[in-house]
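Shown next, in structure tokens, is the structure this report addresses.
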């Protein structure tokens, strides 16, 4: 197999498969979260349960044949970014805005900034990565929420005039975390910024914030932008058009974008990425209960290849599998892997 990647020590095939971050939760994971938040579990109880959940997430991805895996973000009991808000000084947790009716973005706990933020003990992403590194057989990547998403997910009571000013303060916290990740051995780090499409009408400041966030981080860097994923619901208008071409000033080695949920809309934008950087194309719709066939995935790959060189195309779901039942998520991953294999054979790549 051909050696691929920025500093990655694992041989990857053409059209590598990966995931965006979170893996589907086991039913008992929700019971653990419920009991932990009710203070009915000891720390050892919680650690043991989340170790086991992470082991299962790793095993599921490896059994499905995914080339580059994550820890499934199983330790993030408060969602992919709310978990870390609880570790940051200057932020208070508030009750949900709404408690009746179907669950949505407004039925989650909310957070309020009450002063200048700091995280003297870090965010905890490094500890997550160390466990993954010690237990995974496949190539791995670390994931960390970006500053704009952190800032957009909180209200401001005091300390900052608006979310943009707050985002710039988050830059320093996250840059420190990413450097610690790289020092711990992470050679592939994905920064998750779904809020870019919410807060920014163009990509200029987005690129500036991103570049400051990853400044000095010695690793392959991916930027993930989606449109929201809580309980399978989008949060914002689903278009990348306003972010191009300014987005391309971001110093990302790979752009991880969603297309499957939008029936491959705007895939032609990826021509603008150029031949020197990669596209992680979202070709599995994790919001849908329809389980794609390998041929479905292969057809989406063929469409993507009209706009992206095969050597620069990675295959992944649109977003994380956090809202997806595990019995749906696993066959979707398997179809993703098998679909990639179909197209590899068509391109003459021998695994």
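The angle between the Cα long axis of helix 204-214 and the main principal axis of the chain comes to about 80°, on a 0 to 90 degree scale. Can you tell me the orientation of helix 43-64 relative to the chain, as the angle in degrees between its alpha-carbon axis and the longest Cα principal axis, to the nearest 10? With both axes taken from Cα atoms, the answer is about 20 degrees.
Is the shape of segment 245-330 rounded, prolate or oblate, going by the alpha carbon gyration tensor and its root eigenvalues a ≥ b ≥ c, with a/c under 1.5 for rounded and a/b larger than b/c for prolate? Here segment 245-330 falls in the prolate category. Footprinting exposure proxy ranking of 264, 74, fewest other C-beta atoms within 10 angstrom first, gives 264, 74. Springs between Cα atoms under 10 Å define the GNM used for the chain, and in it the highest mean-square fluctuation of 287, 116, 40 occurs at 40.
Kindly put 73, 311, 62 in sequence by how many other C-beta atoms sit within 10 Å of each C-beta, fewest to most.
Sorted ascending by nearby Cβ count, the order is 311, 62, 73.
Ranking of 30, 131, 160, 84 by neighbouring Cβ atoms within 10 Å, starting from the fewest: 30, 131, 160, 84. In percent, what relative contact order does the chain have, based on Cα pairs under 8 Å that are 6 or more apart in sequence? Normalised by residue count, the contact order of the chain is 19 percent. Here the gap between residue 246 and residue 28, fully extended at 0.36 nm per residue and compared with their Cα-Cα distance, gives a gain of 74.1 nm.
Could you give the length gained by full extension between residue 350 and residue 212, i.e. 0.36 nm per residue of separation minus their alpha carbon distance, to one decimal place?
Working: separation 138, 0.36 × 138 = 49.68 nm, distance 4.03 nm.
Computed gain between residue 350 and residue 212 is 45.7 nm.
Taking only C-alpha pairs under 8 Å that are 6+ residues apart, what is the relative contact order of segment 263-335 in percent? Could the numbers behind the result be given before it?
Numbers: 76 pairs, mean separation 32.5, N = 73.
Computed over segment 263-335, the figure is 45 percent.
Which of the three applies to segment 180-324, rounded, prolate or oblate, going by the alpha-carbon gyration tensor with a ≥ b ≥ c and a/c under 1.5 meaning rounded? Here segment 180-324 falls in the rounded category.
Kindly work out what percent of the DSSP beta bridges joining two residues of the chain are antiparallel, to the nearest 5. Walk me through the intermediate numbers first.
Numbers: 5 of 35 bridges.
Counting DSSP beta bridges with both partners in the chain, the antiparallel share is about 15 percent.
Mind pulling the angle between the C-alpha long axis of helix 294-304 and the longest principal axis of the chain? Nearest 10 degrees, somewhere in 0 to 90. Approximately 90 degrees, to the nearest ten. Spacing of the modelled spin labels on residue 98 and residue 51, each 7 Å from Cα toward Cβ, amounts to 4.1 nm.
If you model the chain as an ellipsoid using its alpha carbon gyration tensor, with each semi-axis the square root of five times an eigenvalue, the axes come out at 30, 23, 20 Å, biggest first.
When the Gaussian network model of the chain links Cα atoms closer than 10 Å, the mean-square fluctuations of 18, 118, 158 top out at 158.
For segment 131-192, the square roots of the Cα gyration tensor eigenvalues, ordered a ≥ b ≥ c, give a/c of at least 1.5 with a/b greater than b/c, which places it in the prolate category.
Quick note: the coordinates plus some simple rules give every number you see, no bench work behind them. Keep in mind that what you see is a predicted model, and the values were worked out from it rather than measured. Every residue, glycine as well, gets a Cβ built from its backbone with ideal geometry; the counts of neighbours run over all protein chains shown.
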